[in-house]
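*Asks:* Please read through the structure below; I'll follow up with questions.
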């Protein structure tokens, strides 16, 4: 077989196996060395292709697609710094457990570390930030090597999906000439059809029945079980109904982080607690709500007051359930780390634990939650453009079935405080693995490939950091509505001790950009609106159908006034909560 | 001592030592964990601070400063994906041998791998792409630990500078509270003054006199020494005069890559050959110019015809001289790899080799170079906007003492072909370590911090990739004039075999962005001009003084017409060269 035939058979085998194992999207950045991979992917009918020149943004876009589809997404780039640009998204994917299959083309061995153009050391390029790395052999179409290429494809998918899901990296050295044999593709397809695909089946962590019996006997020791359930981000849809059943059976309130998705379609579910970020700042309340047992699922919640509450309740039995066998407990308060599939854990515990008869403790949580929410409702009275009110209004403004991507730094915290249980179905998404402000627009647009209508709420620094991501909306006619909170700089630092050091504050932390983002939106042929009143914003929401294009609605706020507004509200509510008995 | 005092003394000791060892610039990205590093750097009078929210761009900016100043530049970021964004520039710095000192703030040990916010595994984050990694101890002000902090500072600088220069990474775990004791800074300064700084002296590779005697006896074997000298990029100003002397003594022409800087102030130096990228495509010429000896300095040249010429002359003794002890020879044609300081090598060889009396071979190179240049001059006759003519005109247009940053992909190749020896002093800079299209604007602006007037010539994809970098011009009033060649996509692929596959060409390789860059320039408050004629361009060069602000002058070209123009010119000149005897 010729070089071209060997190249084609080998790369085709790898790609076919990826497709057979369920890959539906590939995000490609243009390059020469990666030519056979890109061209053969383009020939696959079952793969939707996205091409993006900025690899940093491309990788976050793939992350978004994988996040929303819950399936491994393929990334392809050429050799050199192209691959290094993937790094931030890969780091995020590893921590937030999102499956990515990164295929990097590489120079063959004889062109490495000899000053060849676009040749960098790509072996273990992402270090410990991928779950699995494979340096492939150079193309070879002997039956054993075709089987090897297929096995690499199947293993890449299996490793990316296996709990905890995450990114894997396959490095593929390719020699010139790089053009595959597209004219005879039918032949390679037929050859491939003769072969079986490789299936890799991975089980889940399941604990024994006796474990659950023991757990129940511990929990039943006290008559009035003072227990709470905490749900962070968890990428498992079947889990929701199961945890609500568990809560009902045990009488444990569910502290629902915005990323738990439990604030969606749950306005009437009293057991779901959603204003704890406000009321757990109050000492009186915290003493009233001291728990004996805490069962926590998913990633660490956003709320700092909640984290402090956990730290202050070292006396409680703190159980962390993690089907992905990580160790998500920054305070090391866990008394029992449970590696068990979360849905199974809920079902099993529900089936063996007795129904809670005394609900004093639960009722206290519900009462305080309702009281706090009533107070927070006053946010609606704010007349001027305000960050707090924006987050408070979102539930009303955003259409049913929407997906809302939330920027890090202040937006996710404000969302936690001001966005409560809805009867609408609203999926909340954020990059909370490493909490970076990078790649936010691109990740959101990736989510938008799978789910629409898409809304993104971000601050100006986060928006700026990933401005290049907006081109994906233009190139792929991906609808997105951006609520841009422009306080001209890093709003979060006004809430940190740094603000007391005026000497270098604006230079190092405030960092105003002084940008008129209207120009950026025009560059990508989007619609731009500067929101001057709440009526403006309501009108825009009413008249838009969100089915096409890029919309950026900018709300200009002021960092100092925002700090003051937050402080005044917190102080007011604290006074109300102080009255509790 | 309190936590705050220990923190301050420790971080201050590290930073003071960096300053004492010659650091003059620091590029900081805002963040909370890095607060003590940033604030204490801001208090250093001898450090110029640059703050930039996009860490990818910030790192390339630091790379540019270090490239132009030839001194280690400090980078500071907070923990998390911020640090991962530095990766592309670090990879480039490693290969192109640019000294960077990367200081990443990190969570302390107890917050690692436990789901804490913004905590990623930063140990060996950049793998083999930094020369040296040090995970520091947490702050401690005991005398031994202060000495340790100072030693880390001194070693970081020494390692970054030592040949081959490159990036180093110091990871600094910091516990809250993070605010340093700025009120008593005078105390820490006085303490620091009592201590001596640590000096690390590194020598150069120098070969013995007997080596040079042996080399000369090999070179003298033939009567008519047919030798050539090739100079790629080399970051050593004293080298230029020495290599020209060596050429004069040996009678070897110098093949001068554009990044060798030997095309500057050398229009009258016949021995410098600058049109080889054109004439080495000709078989006849190549047979006339077969060398016996090749002595090569610096990085691999840009020209592909030159690389092929080297490969076709395996009979020649190919000597590669590298003071940085790398292995820059993708074709593995080296018969002698010489690890010796390049200037010393030239001086020593010049002093021991006899003066060349027969110059037939040299004269042939000069004759062909002149003939080719005469033919290339016809580029000046092109009336329409043309990429070839733009590069041909640069020497005339650009003011004396300018620095010209050249984008990768097509611009650096066109510059090689069409930009010849000047009497002006024009410094040519590019990112030729990994030849990426990323970070180009930022690196150029970093160079512009040190040297002005600054010109950048780039294609539209490269310009787009690093658009965020433009804000540095706005924030720091850094003057830059961008010559933007907009052929709406990846022009280089039209020159590669991919162009023969029309089915996916535009999707995977052409990748048109369809962007009106005028908006981007307006966003950064720059001046934008669409160049419609050569008169326009000349007028703009005449009336500008290049002392302030951002200017983007766009030339819209056509990928297909450009390919045709290049091919026609090559064919015409090949016919002329075929006539040679």
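*Asks:* Looking for whichever is touching a strand residue (DSSP E or B) at 6+ places or on another chain (Cβ under 8 Å), in the same structural domain as residue A:568 (by TED's automatic domain parsing) and modelled with pLDDT under 95 here; the options are A:459, A:407, A:448, A:395. Which one fits?
*Replies:* Just a single option satisfies the conditions, and that option is A:395.
*Asks:* Looking at A:357, A:325, A:299, which one is within 18 Å of residue A:257 (Cα to Cα) and in a loop (DSSP other than H, G, I, E, B)?
*Replies:* Selected residue: A:299, the only one of A:357, A:325, A:299 that is within 18 Å of residue A:257 (Cα to Cα) and in a loop (DSSP other than H, G, I, E, B).
*Asks:* Considering only residues that are surrounded by 24 or more Cβ atoms within 10 Å (Cβ to Cβ) and not in a helix (DSSP H, G or I), look in the stretch A:54-77 and name the one that is farthest from the chain's Cα centre (by Cα).
*Replies:* Ranking the candidates gives A:77 first.
*Asks:* Still on this structure, please answer the following. Can you tell me which residue among B:389, B:374 is over 17 Å from the mean Cα position of the chain (by Cα) and either in contact (Cβ under 8 Å) with a residue 60 or more places away in the chain or crowded, with 24+ Cβ neighbours inside 10 Å (or both)?
*Replies:* Sole residue among the options that is over 17 Å from the mean Cα position of the chain (by Cα) and either in contact (Cβ under 8 Å) with a residue 60 or more places away in the chain or crowded, with 24+ Cβ neighbours inside 10 Å (or both): B:389.
*Asks:* Can you tell me which residue in the stretch B:181-197 is surrounded by the fewest Cβ atoms within 10 Å (Cβ to Cβ), limited to those that are within 14 Å of chain A (Cβ to nearest Cβ) and within 11 Å of residue B:43 (Cα to Cα)?
*Replies:* Across the stretch B:181-197, the extreme among qualifying residues is B:185.
*Asks:* Contact list please: Cβ distance under 6 Å, first residue in the stretch A:81-100 and over 10 Å from residue A:130 (Cα atoms), second residue modelled with pLDDT under 95 and surrounded by 24 or more Cβ atoms within 10 Å (Cβ to Cβ), pairs at least six apart or on different chains.
*Replies:* Pairs found: none.
*Asks:* (1) under 32 Å from the mean Cα position of the chain (by Cα); (2) more than 25 Å from residue A:68 (Cα to Cα); (3) buried (at least 20 other Cβ atoms within 10 Å of the Cβ): which one isn't true of residue A:243, the others all being true?
*Replies:* Among (1) under 32 Å from the mean Cα position of the chain (by Cα); (2) more than 25 Å from residue A:68 (Cα to Cα); (3) buried (at least 20 other Cβ atoms within 10 Å of the Cβ), the lone unmet condition for residue A:243 is (2).
*Asks:* Same structure, new question: Which of (1) away from every other protein chain (no Cβ under 14 Å); (2) part of a loop (DSSP other than H, G, I, E, B); (3) in contact (Cβ under 8 Å) with a residue 60 or more places away in the chain is the odd one out, the single condition residue B:313 does not satisfy?
*Replies:* Unmet for residue B:313, out of (1) away from every other protein chain (no Cβ under 14 Å); (2) part of a loop (DSSP other than H, G, I, E, B); (3) in contact (Cβ under 8 Å) with a residue 60 or more places away in the chain: (3).
*Asks:* Which of the numbered conditions does residue B:106 fail, given that it passes all the others? Conditions: (1) more than 11 Å from chain A (Cβ to nearest Cβ); (2) under 29 Å from residue B:236 (Cα atoms); (3) buried (at least 20 other Cβ atoms within 10 Å of the Cβ).
*Replies:* (2)
*Asks:* Every residue in the stretch B:539-559 that is in a helix (DSSP H, G or I) and out of contact with any helix residue (DSSP H, G or I) (no Cβ under 7 Å at 6 or more places or on another chain), please.
*Replies:* Answer for the stretch B:539-559, where residues must be in a helix (DSSP H, G or I) and out of contact with any helix residue (DSSP H, G or I) (no Cβ under 7 Å at 6 or more places or on another chain): B:539, B:540, B:542, B:543.
*Asks:* Exactly one condition in (1) crowded, with 22+ Cβ neighbours inside 10 Å; (2) touching a helix residue (DSSP H, G or I) at 6+ places or on another chain (Cβ under 7 Å) is false for residue A:177; which is it?
*Replies:* (1)
*Asks:* Same structure again: From the residues in the stretch A:88-103 that are surrounded by 24 or more Cβ atoms within 10 Å (Cβ to Cβ) and in a loop (DSSP other than H, G, I, E, B), which one is nearest to the other protein chains (Cβ to nearest Cβ)?
*Replies:* Across the stretch A:88-103, the extreme among qualifying residues is A:98.
*Asks:* For the stretch B:436-461, name all the residues that are in contact with a helix residue (DSSP H, G or I) (Cβ under 8 Å, 6 or more places away or on another chain) and surrounded by fewer than 24 Cβ atoms within 10 Å (Cβ to Cβ).
*Replies:* B:449, B:450, B:451
*Asks:* Another question, then. Taking into account only those residues within the stretch A:104-139 that are part of a loop (DSSP other than H, G, I, E, B) and under 24 Å from the mean Cα position of the chain (by Cα), which is farthest from residue B:164 (Cα to Cα)?
*Replies:* It comes out as A:131.
*Asks:* Restricting the first residue to the stretch B:562-573 and requiring it to be more than 13 Å from residue B:389 (Cα to Cα), which pairs with a second residue that is surrounded by 19 or more Cβ atoms within 10 Å (Cβ to Cβ) and modelled with pLDDT under 95 meet a Cβ separation below 7 Å and a spacing of at least six or different chains?
*Replies:* Close Cβ pairs (under 7 Å, with a partner that is surrounded by 19 or more Cβ atoms within 10 Å (Cβ to Cβ) and modelled with pLDDT under 95) amount to B:563/B:494.
*Asks:* Before we move on, is residue A:434 over 29 Å from residue A:504 (Cα atoms), within 14 Å of the chain's Cα centre (by Cα) and at pLDDT 95 or above?
*Replies:* Against the criterion (over 29 Å from residue A:504 (Cα atoms), within 14 Å of the chain's Cα centre (by Cα) and at pLDDT 95 or above), residue A:434 does not qualify.
*Asks:* Please verify whether the stretch B:277-296 includes one or more residues that are in contact (Cβ under 8 Å) with a residue 60 or more places away in the chain, within 14 Å of another protein chain (Cβ to nearest Cβ) and touching a strand residue (DSSP E or B) at 6+ places or on another chain (Cβ under 8 Å).
*Replies:* yes
*Asks:* Of the residues that sit in the stretch A:109-135 and are within 30 Å of residue B:302 (Cβ to Cβ) and touching a residue at least 40 places away in the same chain (Cβ under 8 Å), which one is surrounded by the most Cβ atoms within 10 Å (Cβ to Cβ)?
*Replies:* A:120
*Asks:* Hand me the list of strands (runs of 3 or more DSSP E) wholly inside the stretch A:419-538 holding 2 or more residues that are closer than 19 Å to residue A:403 by Cα and more than 11 Å from every other protein chain (Cβ to nearest Cβ).
*Replies:* Correct list: A:426-429, A:454-459, A:480-486.
*Asks:* Which residues, counting only those in the stretch B:15-53, are at the interface with chain A (Cβ under 8 Å from one of its Cβ atoms) and either under 19 Å from the mean Cα position of the chain (by Cα) or part of a helix (DSSP H, G or I) (or both)?
*Replies:* Within the stretch B:15-53, B:35, B:38, B:39, B:42 meet the criteria.
*Asks:* Among B:198, B:146, which is part of a loop (DSSP other than H, G, I, E, B), in contact (Cβ under 8 Å) with a residue 60 or more places away in the chain and either closer than 30 Å to residue B:113 by Cβ or not assigned by TED's automatic domain parsing to the domain that holds residue B:261 (or both)?
*Replies:* B:198
*Asks:* Checking residue A:341 against (1) over 30 Å from residue A:63 (Cα atoms); (2) more than 14 Å from every other protein chain (Cβ to nearest Cβ); (3) under 24 Å from the mean Cα position of the chain (by Cα), only one condition comes out false. Which one?
*Replies:* Going through the list (1) over 30 Å from residue A:63 (Cα atoms); (2) more than 14 Å from every other protein chain (Cβ to nearest Cβ); (3) under 24 Å from the mean Cα position of the chain (by Cα), residue A:341 breaks only (1).
*Asks:* Using the structure shown, decide if residue A:115 is within 11 Å of another protein chain (Cβ to nearest Cβ) and more than 18 Å from residue B:504 (Cβ to Cβ).
*Replies:* So residue A:115 fits the description; yes.
The values are calculated or read from the model by the stated rules, or taken from the named source; none is laboratory data. A quick note: this is a predicted structure, and the numbers were derived from the prediction, not measured. Neighbour counts are summed over all protein chains in view; Cβ atoms, including those assigned to glycine, are modelled from backbone coordinates with ideal geometry.
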